[in-house]
1. Between the alpha-carbon centers of region D:81-106 and region A:33-109, tell me the distance in whole angstrom.
2. Using only C-alpha positions, report the orientation-averaged shadow area of the convex hull of region C:1-72, nm², one decimal.
3. How high is the FRET efficiency from residue D:89 to residue D:27, r the C-beta distance, R0 41 Å, rounded to 0.05?
4. If each label sits 7 angstrom from Cα along the C-beta direction, how far apart, in nm, is residue C:33 from its counterparts in the other copies?
5. Sort D:86, D:104 so that the residue with the fewest other Cβ atoms within 10 Å of its own Cβ comes first and the one with the most comes last.
6. What order do you get for A:77, C:97 when you list them from fewest to most C-beta neighbours inside 10 Å?
7. So if I restrict to the alpha-carbon atoms in region C:22-116, what is the Rg, and what is Dmax, the biggest pairwise distance, in Å?
8. What nm distances, shortest first, do you get from the label point of residue D:105 to those in the other copies when the point sits 7 angstrom along Cα to Cβ?
DNA sequence: TTTT
DNA sequence: TTTT
């Protein structure tokens with residue numbers, strides 16, 4: 001009896017541009033990580049900060065939203081559930097574990113033009129390419145963005 | 001700007017009796033794991049159940065409550081935060097990761113006399129020792145419990 | 001941009017047997033309330049307890065589960081979202097507000113035989129005596145419930 | 001047995017500039033409301049949006065942070081607990097209820113210079129005073145703010 | 001690897 | 001009363 005609960009709530013910043021893959025089944029998968037920071041007092045009574053990194057996975061539609069709108073530096077609110085996969089390391093033969101958060105909810109918190117590693121706030125990457133570009137992922141990260149006219153995305157651009 | 005959030009909520013059953021250790025600092029630490037179960041439909045449309053195991057850690061007062069009241073089979077509600085520790089495996093030299101939930105809140109959900117994996121036991125182990133025994137931890141796990149008369153704990157026995 | 005979040009998590013005990021109604025649409029609705037307790041220190045440094053009551057609403061399948069398995073005293077874990085309805089009081093003409101939690105998840109935490117306000121009861125209301133309970137008889141799922149001998153429900157009895 | 005849980009998680013936008021009051025005890029209180037939006041399909045299968053308003057209260061330090069950094073339009077992540085106060089309406093004599101979320105955690109999600117409803121974007125009140133004024137709290141609320149030149153706050157300005 |  |  002009693003259904004169990006397995007819920008994770010994270011609010012933090014994306015470390016690197018997400019990876020997006022299409023499974024043979026045709027379902028998309030996005031992988032990336034986000035950082036959260038905790039403050040604590042060390043033994044000397046000084047405030048320290050520790051960064052925690054969380055591995056995230058998303059499937060299907062959520063994976064596509066991530067592919068299209070999430071990049072390095074984006075601030076996100078995420079809900080999901082904890083999963084731990086394990087396999088045998090090929091070299092050592094030892095069991096290896098990897099814990100991930102399988103996402104179920106996402107809220108994009110970086111404003112338009114925010115959430116960029118500093119190069120000038122171009123959500124155009126996602127906005128422009130979101131519409132059309134499946135070759136988007138191949139674009140070298142950091143390449144010039146020639147959609148300078150569309151540096152803003154409007155609400156209507158975001159299909160969720 | 002923007003404080004981050006790192007929150008885990010779990011409701012599930014304890015896998016084995018928790019381990020309790022006293023750190024050199026005099027602070028207690030409890031380690032154990034709980035299971036949650038997800039239901040999902042497999043490709044054939046059949047309902048399957050997958051069990052997920054979560055590593056939990058608690059410190060200080062929470063560790064002592066766990067030592068005294070939690071055992072194999074206990075149903076728990078837990079809040080905490082995700083942390084991942086890593087170290088180099090001595091044999092292979094490879095980096096190893098272990099993700100744990102550091103507990104901040106606990107609610108014991110097994111009724112009196114419940115929460116036992118089937119071996120007949122009950123809360124008496126904790127109830128009796130809660131009252132009196134700080135040497136409780138040294139008691140070999142599995143030792144006979146001779147407090148058969150006190151198989152019930154009342155709310156007043158629980159100091160939290 | 002940014003999807004909003006409206007989430008409530010409650011763990012507490014049911015105050016009275018839930019009310020169940022069938023809407024004209026054929027959809028069921030369950031209404032009940034649960035209590036949570038907070039401890040706080042008063043000005044004199046004494047620990048006090050304050051009970052908070054929460055109005056819950058559930059629809060459809062969740063409403064039926066509640067009708068069948070939840071009663072006065074049952075301990076529940078609930079997830080839901082906050083909603084506030086308002087209307088004009090007929091007598092005074094003043095606007096009246098009522099905030100409720102619309103349930104999306106439920107975990108029944110009272111063990112078999114627990115969750116009763118003290119009368120020694122058990123799940124019989126839902127399992128066996130479900131049939132005999134007053135307002136309960138509107139139940140369309142109709143099966144006469146004459147299993148008076150089966151005052152225990154097993155996990156297999158619960159269809160969720 | 002079993003501690004209860006009473007937790008609310010909200011992510012939404014502030015409706016109006018918060019009200020801040022100092023209690024006779026010297027403790028500050030902030031009151032404001034935030035909106036969340038739900039999407040649902042109506043009977044005709046069309047997507048509709050419903051806005052839900054939540055009353056928030058914060059005390060002490062959190063109240064001061066809100067006074068200093070939160071205003072109309074600010075996007076917030078909030079954790080808190082549900083409380084319902086009641087009193088007798090003076091005119092009708094009827095019992096009136098008001099449900100509020102007592103805040104325990106806050107994350108400011110509006111970027112610098114964002115979160116303004118259009119009326120002039122003055123984070124300056126907080127930015128300027130945050131930067132320089134430790135006597136800020138004594139400043140009569142509503143006094144002119146002549147730091148118009150510092151409309152940006154940097155991360156270092158925010159003491160939390 | 002992020003961010004403040 | 002907000003925001004997308």
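1. Taking the Cα centre of each part, region D:81-106 and region A:33-109 sit 38 Å apart.
2. Working: hull surface 32.3 nm².
Average projection, Cα convex hull of region C:1-72: 8.1 nm².
3. Working: r = 27 Å, r/R0 = 0.66.
Plugging the Cβ-Cβ distance into 1/(1 + (r/R0)^6) gives 0.90.
4. In nanometres, ordered from closest: 2.2, 4.3, 4.9.
5. D:86, D:104
6. On the way: A:77 23, C:97 13.
So the ranking, lowest neighbour count to highest, is C:97, A:77.
7. For region C:22-116, the Cα-based Rg and Dmax read 16.8, 55 Å.
8. Spacings between copies for this position, smallest first, are 0.9, 1.3, 1.5 nm.
Here, each number is a calculation from the coordinates, and none is a lab measurement. In this text, all values refer to a predicted model and were calculated from it rather than measured experimentally. Reconstructed Cβ throughout: ideal geometry from the backbone, glycine too, with neighbour counts over all protein chains shown.
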